[in-house]
1. Residue separation times 0.36 nm, minus the C-alpha to C-alpha distance between residue 202 and residue 35: what's the value?
2. So how much slack lies between residue 274 and residue 230, counting 0.36 nm per residue of separation and subtracting their Cα-Cα distance, in nm?
3. What is the log10 of I(q)/I(0) for region 123-184, computed with the Debye formula using one identical point scatterer on each Cα and no solvent, at q = 0.15, 0.17, 0.18, 0.27 Å⁻¹?
4. Please turn the phi angles of region 261-278 into ³J(HN,Hα) values with the Karplus equation 6.51 cos²θ - 1.76 cosθ + 1.60 (θ = phi - 60°), one per residue in order, whole Hz, x for glycine and proline.
5. At residue 112 and residue 282, where each label point lies 7 Å from the Cα along Cα→Cβ, what is the point-to-point distance in nanometres?
6. So what is the accessible area of the chain per residue, in Å², with the probe set to 1.4 Å?
7. If you roll a 1.4 angstrom probe over the protein chains with everything in place, what fraction of the accessible area of region 106-263 belongs to carbon and sulfur, to the nearest %?
8. Of the GluC sites (Glu not before Pro) in region 65-130, which ones lie in a loop per DSSP and count no more than 12 other C-beta atoms within 10 Å?
Amino acid sequence: MQIIRTKSDLRTLICTYKNQGKVIGFVPTMGYLHAGHASLMQLARGGNDVVVVSIFINPLQFGANEDLDKYPRNIRGDTELCQKNNVDILYLPESYDILGTNLHLLSYVNITLLDQNLCGAKRPGHFKGVCTIISKLFNLITPDKAYFGRKDIQQLRIIERMAADLDFPVQIIGGETSRDKDGLAFSSRNAYLSDEERKMAIIVPETLEFIRNLIDLGISSSEALIAQGQQFISNANISNAKLDYLEIVDDILLQKVTEIKQNIIVAIALYIGKTRLIDNITVLRT
Ligand code: AMP
């Protein structure tokens with residue numbers, strides 16, 4: 001595995017592979033890698049000649065009061081995980097290499113509509129930051145395929161649309177959410193949870209599965225489903241849990257639906273103490 005730290009070294013290496021006709025798969029991450037990231041690396045390994053993983057904690061996607069400064073880091077563990085998963089190139093840029101010496105860009109990539117609900121509504125500017133940096137990484141790496149987790153379904157849908165709208169010659173591939181034995185989705189932010197909070201955190205996937213069961217039982221009103229989901233969380237009596245959102249949206253443009261008639265996503269963001277956990281499920285209607 002080659003560890004690359006500068007744009008110019010990256011471009012040179014990518015150019016060599018492209019000249020050899022190699023198919024390049026790309027997995028962008030913010031590091032503190034876990035089994036969810038590994039599952040994307042495996043997908044990429046299976047479908048490409050060359051697998052590139054980037055680790056860049058993108059400051060543009062953090063709000064002023066968010067956790068940029070304390071976002072977990074473990075470069076040694078991350079390097080080992082990439083090696084174990086047969087990654088070819090690990091790109092570890094310094095901030096100034098991506099954002100310039102002033103750490104400040106004057107050009108951004110923005111998206112409309114798809115960022116109106118869910119995390120887009122709660123984290124203003126977040127997806128502008130994501131789209132801008134992912135665009136830059138796409139321009140640098142010129143991947144044939146890029147892999148994003150369904151765990152961040154709004155990000156996946158936004159990147160799919162951005163790539164289509166802006167004609168990035170890349171195929172966007174979504175990977176299933178990897179979960180721990182008890183159902184909690186793997187997330188770098190799980191590292192913030194105390195042992196006690198980690199146990200409580202299963203309320204997140206449990207709420208989603210509770211709503212899925214209600215849909216299976218024939219309840220189709222979003223309002224009723226969300227009210228029951230909220231009640232489910234209240235009944236669990238978790239003292240430091242605070243719901244950020246629980247929403248039901250369509251699976252294409254991520255707009256709120258009143259009745260479950262088409263494929264929908266049930267998505268949740270819940271604080272356990274100071275840790276914000278997100279998760280979602282898709283309910284298919286054929
Ligand atoms: P992050 O490092 O959190 O920015 O995530 C990098 C990529 O890994 C994103 O495409 C995420 O959606 C994906 N990812 C994060 N957690 C999981 C998970 N539990 N299962 C599958 N993919 C994930």
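The values are calculated or read from the model by the stated rules, or taken from the named source; none is laboratory data. Keep in mind it's a predicted model, so treat the numbers as computed, not measured. Glycine gets a Cβ as well: all are built from the backbone with ideal geometry, and neighbour counts include every protein chain shown. Keep in mind that these areas ignore ligands, DNA and RNA; they rest on the heavy atoms of the full protein, side chains included. Shrake-Rupley method; radii C 1.70, N 1.55, O 1.52, S 1.80 Å.
1. Values: separation 167, 0.36 × 167 = 60.12 nm, distance 1.73 nm.
Full extension of this stretch gives 58.4 nm more.
2. Details: separation 44, 0.36 × 44 = 15.84 nm, distance 1.93 nm.
Additional length available on full extension: 13.9 nm.
3. Computed log10 I(q)/I(0) values: -0.49, -0.60, -0.66, -1.20.
4. 10, 10, 5, 10, 10, 9, 10, 9, 10, 9, 7, 10, x, 9, 8, 9, 10, 10
5. 2.7
6. On the way: 13740 Å² over 286 residues.
With the other protein chains kept in place, the chain gives 48 Å² per residue.
7. 48
8. Numbers: sites: 66, 80, 94; in loops: 66, 94.
Filter output for region 65-130: 94.
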